[in-house]
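Worksheet for the structure shown next.
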Amino acid sequence: MKEKLYQVWRALIWTFDPADRGEAGKAITRNFWLHWFPPRMTKRSLSWGYSLWLGTISAVLFFILTITGIILMFLYVPSVERAYQSIKDLEYAVSFGWFLRNMHRWAAHMMVASVFLHMVRVFYTGAYKNGISHMAKRQINWVVGMILLGVTLLLSFSGYLLPWDQLAIWAVTVGTQIARSVPILGDDIYYVLAGGTRLDQNALIRFYTLHVIFLPALLLVLFSYHMWRIRKDEGLASVEQEKIARKSGKPVQPEMVFSTPWAVRRIILVSLGTFVWVLFLTVFLESPLEEPASLEWTPNPAKAPWYFLWLQELVAITTIRIGGFTLNGGFIGGVLIPAILGGAATIWAFIDKSPPEATGVWFHRSRLVQNLVFTFFALLIVGMIIFAMYFRGPYWGVYWPWAWPELPEII
Ligand code: HEM
């Protein structure tokens, strides 16, 4: 009887019986889930200062977002009549509803920031380069990363509309109008996004479906591939330093450590740290909720979500008025320039021809010029976001943040 029960138990949880240790090892190595990490890693790639663990932080934030998002799905109703009320209920009626909403919202903002910073760190460490490895193809992970960045932005943007308040509908109006300015296809793009010629129920259900199913699933698939590629590329780029030293005949012995407990312990620490930080924001900062959405009342100024404010600023800068004639910068500032920047960044991993020694090293001398150019554009984007956030007032005029003209907020 005991033997029978044991067999049933084994059939339920494990269907494969390895004949020996070799076969067991191979089975684990081939399985993606059982073999996320190699058994041993170089200590250098696990250091706090190399990767700053920003990729892991991004993944933890995505995990927090998934859990809180699934619970929110029980409470949120994606209809224009009930969406706003369901968010109000979260704030005032549902036990710990405010907590759930705050946590989801702050984790989302943090994720946009951490994915961006992760990309910045990968660039500065030349971590998309292959060093002297013949097997690695780290450029692919850079390209996958750029797509992940885009998906992260879209996830956040699609969630912005869901509270169906003034902030949501006008921020999304600004974003979708930028997409509409693409020549020839603009109206079609808008129609596909909004499901009509204005933001209403069709838009809400589209954004909702993108937000809760399509984009998270895409992010999960891409992230799994991203991690798998790191294994196939023989680990983080910093391992190239040991290979280069060994090849040059220097007597270096890379310091290797077991993934369990070394990597596991650090991942647990990073996860806890990230969680505590999000918890802090959740408890001490409130999530905004304005008046119910109305397309009849335009806030002045209407601003895009913070991570798209640099696009709105670019649109303003490239809009030129000569006499009665206005050249709308929607396409040049909102689509063309960002597309050129994004395209150049994506293919940069294939263009960068700095020497193998620059792989996996912070600010290597040989990459000085490209690091400066990259810093210039990164600071420009961050600067434009801050400027548009604090110094743009009514009619997109420039004001000190404390000296906005007296204007009714809604006109
Ligand atoms: C959802 C977004 C993303 C997640 C969850 C993620 C996750 C990770 C993780 C966990 C690592 C291991 C090292 C670390 O923790 O930093 C990593 C490495 C890497 N990521 Fe990402 N990543 C994301 C987006 C990006 C982006 C936007 C880029 C660049 C455009 C990128 C490029 C890379 C590269 C090239 C590596 C290998 C780094 C090395 O060898 O040192 N990733 N990513």
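The table below gives the values:
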item	result
Complete set of residues in region 104-140 that are within 12 Å of the ligand (Cβ to nearest atom), more than 29 Å from LEU272 (Cα to Cα) and open to solvent by 30 Å² or more (accessible area, probe 1.4 Å)	ASN130, LYS137, GLN139, ILE140
Breaking point among (1) assigned to a helix (DSSP H, G or I); (2) in contact with a strand residue (DSSP E or B) (Cβ under 9 Å, 6 or more places away or on another chain), for PRO254	(1)
Yes/no for ARG206 being at pLDDT 90 or above and surrounded by 14 or more Cβ atoms within 10 Å (Cβ to Cβ)	yes
Failed criterion for ALA179 (all others in (1) farther than 30 Å from ARG365 by Cα; (2) in a loop (DSSP other than H, G, I, E, B) hold)	(2)
Region 233-263, residues that are free of Cβ contacts under 8 Å to residues at least 24 places away in the same chain and either surrounded by 15 or more Cβ atoms within 10 Å (Cβ to Cβ) or more than 13 Å from LEU46 (Cα to Cα) (or both)	ALA245, ARG246, SER248, GLY249, LYS250, PRO251, VAL252, GLN253
Hits in region 339-372 (condition: under 30 Å from GLN241 (Cβ atoms), within 16 Å of the ligand (Cβ to nearest atom) and among the aliphatic types (A, V, I, L, M))	ALA344, ALA345, ILE347, ALA349, ILE351, ALA358, VAL361
Residue in region 8-15 that is among the charged types (D, E, K, R) and open to solvent by 70 Å² or more (accessible area, probe 1.4 Å) present	no
The listed residue being more than 21 Å from the chain's Cα centre (by Cα), modelled with pLDDT of 95 or more and surrounded by 12 or more Cβ atoms within 10 Å (Cβ to Cβ), out of THR346, THR359, THR319, THR375	THR359
Any chance VAL174 is surrounded by 19 or more Cβ atoms within 10 Å (Cβ to Cβ), more than 23 Å from SER86 (Cβ to Cβ) and in contact (Cβ under 8 Å) with a residue 60 or more places away in the chain	yes
Any chance PHE387 is of a type outside the set (Gly, Ala, Ser), open to solvent by 60 Å² or more (accessible area, probe 1.4 Å) and in a helix (DSSP H, G or I)	yes
Pairs with Cβ under 6 Å, 6+ apart, first in region 365-379 and under 14 Å from THR125 (Cβ atoms), second in a helix (DSSP H, G or I) and among the β-branched types (Val, Ile, Thr)	none
Region 78-92, residues that are without any contact (Cβ under 8 Å) to a residue 24 or more places away in the chain and surrounded by 14 or more Cβ atoms within 10 Å (Cβ to Cβ)	GLN85, SER86, ASP89, LEU90
Qualifying residues in region 35-56 (those that are open to solvent by less than 40 Å² (accessible area, probe 1.4 Å) and in contact with a Ser or Thr (Cβ under 6 Å, 6 or more places away or on another chain)) - the one farthest from the ligand (Cβ to nearest atom)	HIS35
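The values are calculated or read from the model by the stated rules, or taken from the named source; none is laboratory data. Model, not experiment: these values are computed from the prediction. As a convention, Cβ positions derive from the backbone with ideal geometry for all residues, glycine included, and neighbour counts pool all protein chains shown. Just the protein is used for accessible areas: all its heavy atoms, side chains included, with ligands, DNA and RNA removed. Shrake-Rupley method; radii C 1.70, N 1.55, O 1.52, S 1.80 Å.
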